[in-house]
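What follows is a short report on a single structure.
The values are calculated or read from the model by the stated rules, or taken from the named source; none is laboratory data. Here the structure is a predicted model, which means the values were calculated and not measured. Neighbour counts are summed over all protein chains in view; Cβ atoms, including those assigned to glycine, are modelled from backbone coordinates with ideal geometry. Ligands, DNA and RNA are excluded from the accessible area calculation, which covers all protein heavy atoms including side chains. Shrake-Rupley method; radii C 1.70, N 1.55, O 1.52, S 1.80 Å.
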Amino acid sequence: MDAPTTTSADNGTSGGGGDWFTPRTKPTTTPGNEQGTPDDRRPAVIRPVGRQTADPETPADGTAAPPAASADDASTGVPDQERESPEAIPPPGPTAEPSAPSSPRPATTTVTPAPEPFASTTAPPDEPRVPPQRPAPVSPPGAAASAPAVEASPDAVLIRRAMAEVTPVADKVTSYFYALLFVRHPDLRSLFPAAMDTQRDRLLRALLTAAEHIDNTDVLVDYLQGLGRGHRKYGTRAEHYPAVGECLIGALSKYAAGVWDEEMEAAWIRTYTTISQIMIDAAAADELRAPAWWYAEIVTHDLRTPDVAVVTVRPDQPYPFLAGQYTSLETPWWPRIWRHYSFASAPRSDGLLSFHVKAVPAGWVSNALVHRARPGDIVRLGPPAGSMTVDHTTDSGLLCLGGGTGIAPIKALVEDVAEHGERRPVEVFYGARTDHDLYDIDTMLRLQQSHPWLSVRAIIDQLAHQQLPDAVRAYGPWNEYDAYLSGPPGMIRSGVDALRDIGIPSERIRHDSVEELVAAGC
C-alpha cells in the first residue's frame, strides 16, 4: 500500500498471491501506463502435465510446514474486518419486490443477549464497479451437495469425481501444487506473500467453490470476474494463468490418480481454460477504467477500545463505492498481505473513507492498523466489492443485524437511506458479547435521535437471557422487510436460519457470502 515501503511488481503492481487463479499474462499495456489497451489476451493452451519429469514431493518455498493459522486467516467476517481476498462465490444482492412496509415502530433501545456477532463477506462487484441488485441464489444448508448432481454436465461430473478424491488430502494437494509452481516457475514466487500459511488454504477453497458452481454460469461468471479484477492489485498478468493451470492439473492428477484418466484431464483443461479467460477478460476491461489500487493516507486514528480502532483515510484519487460494500487493504508493514474491511459510512463529499478494525490474536494486518498505524501513514486499497447494498427502487423496510465491528456496514446503510431522503423503517439489532464491545453504540443512538424511522436495539450476549434470533422474533413481524446481516460467519448462519423461520424469503436476506455458506448452498 505504501509506495516507499511496499515492494512492487510489474507496472507498480504489488506482488501478492492470488491462489490457484494467479494470472501471469495480463493484457499488454503501454510501458508506464497501466491503462493500456488490452490485446491478444488469450492464454496459452494448457498442456497435460505431471508425467514429464520427477516432481518435487515437498513444497519448494514457504509451503512446507506453514505456521499455525492466525486469527486473521480464520476470520472471514466483518466483525474483525480482517479477511482474506474474496474466494467465495457470493450471492448477489437480491432485488426486493416492492411492497408496502410495515409502519415504523417507536424508536427504542433495548438490551437483550445475543450470540456472537454476525459476519459479512461479499461478492465481487459486477461489471459496473458498483454492482446492481439481483436475486440471491440461496438454498437450505446441506442442499449444495445434492442439488448440483441434478442434470450436471459431463465435465462437472468428472470434476466433482476428482474433487471427491483430493478433498481428504487437501493439504498435500495444496503443498504439492505450490511446490510444482515454484520449482517450474520460480519467477512467480515474488508474486506471493513471504509467509504462505494463508495462501495455502485459498487453493482448496477456490477449487471447491468453482467446482461446486461449475454449472451455475451466472454465479460463477460474477465470481470469476470479481477475482480477475481483484487480482490486478497483485501484479498478475494473463501469461501467469497457463503456468498455474499446468501445476494445478499436475497436482490433481497425482492425488486423484485412482480416477484420473485422459477424459478427466481434458475436462479440467476445458474448465480451467474457461475460468482463466473470464478472469483475464474482466481484468482487461477493468484496466481501461480504474487503477489496480489506490494509495490512501491515514488522516485520523481513533482508538475506541484497547483492540478496536476507527481508521479514516484519504485516497489519492476518487474512490467510487456504495454503502454496504467493502475493500481490500494492504499496510506498508506487511507487503502483499491484504485483508478486507467494510466501509463504515456512505460515500462522503470530502472523499474520506472510514473502517472499523478489531485487532485479533496473531492478526498481522489488524494489529498493525490498530496498534501501529498513525496519521500520515500510507496504505493501499483494492477495488470496492460487495452486493450488500440498499435497493432504492423499493420502499421495503430494512432489518439490519450487525455484530461487533460488523456494525460498520450497517451504519453505512443507515446513512445511505438518510441521504436518499427516504422514510422507510430501518430496524437495527446491534449484537455484542459484552457491553464493552458496543464501541459504536453512541453513534448509532445519535442517528436514531436524528431519524424517527430508525430504531436501534443493543443485544448483549453476556446477559444470556435471550438469544439474538429470539429477540428478532419478538419484535416482528418482518415478512415485508429486506434483511441485512454483517458479522462472524457463525452468526450469519444462525441469523439466516432464524430469518427464514420467521417468514422472510431467502431472496430478501442479504449478506456478503462466506466460504462456509457457499459450500452449504447459502
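Beta carbons within 10 angstrom, averaged per residue: use that to sort the peptides 481-491, 213-223, highest first.
Per-residue mean Cβ counts within 10 Å order the peptides as 481-491, 213-223.
Quick one: length gained pulling Val183 to Asp442 fully straight, 0.36 nm per residue minus the C-alpha distance?
Net length gain for the segment: 87.8 nm.
Need one number: nm distance between label points at Ala164 and Glu422, each 7 Å from Cα along Cα→Cβ, rounded to one decimal.
4.6 nm
Rounded to the nearest 10 Å², what accessible area does Thr394 show when all protein chains are kept and the probe is 1.4 Å?
10 Å²
Highest mean first, how do 400-407, 368-375 rank when packing is the count of other Cβ atoms within 10 Å averaged over residues?
Listed from highest to lowest mean packing, they are 400-407, 368-375.
State the answer as a single residue: which of Ala256, His240, Ala266 lies farthest towards the positive end of the charge dipole of the range 209-268, with beta carbon charges of +1 for Lys and Arg and -1 for Asp and Glu, about the Cα centre.
Of the options given, the answer is His240.
Cα extents of the range 335-402 along the three principal axes, largest first, in whole Å?
Projected onto its principal axes, the Cα set of the range 335-402 covers 43, 29, 20 Å.
So how many Å³ per residue does the convex hull of the Cα atoms of the range 210-319 work out to?
171 Å³
First measure r as the distance between the Cβ atoms of His371 and Asp435, then evaluate 1/(1 + (r/R0)^6) with R0 = 30 Å and state the FRET efficiency to the nearest 0.05.
After rounding, the FRET efficiency stands at 0.85.
Tell me the accessible surface of Val496 in square angstrom (1.4 angstrom probe, heavy atoms of protein chains only), to the nearest ten.
For Val496, solvent-accessible area is about 10 Å².
Quickly work out the Thr217-to-Arg270 label distance, labels modelled 7 Å from Cα along the C-beta direction, and quote it in nm with one decimal.
1.4 nm
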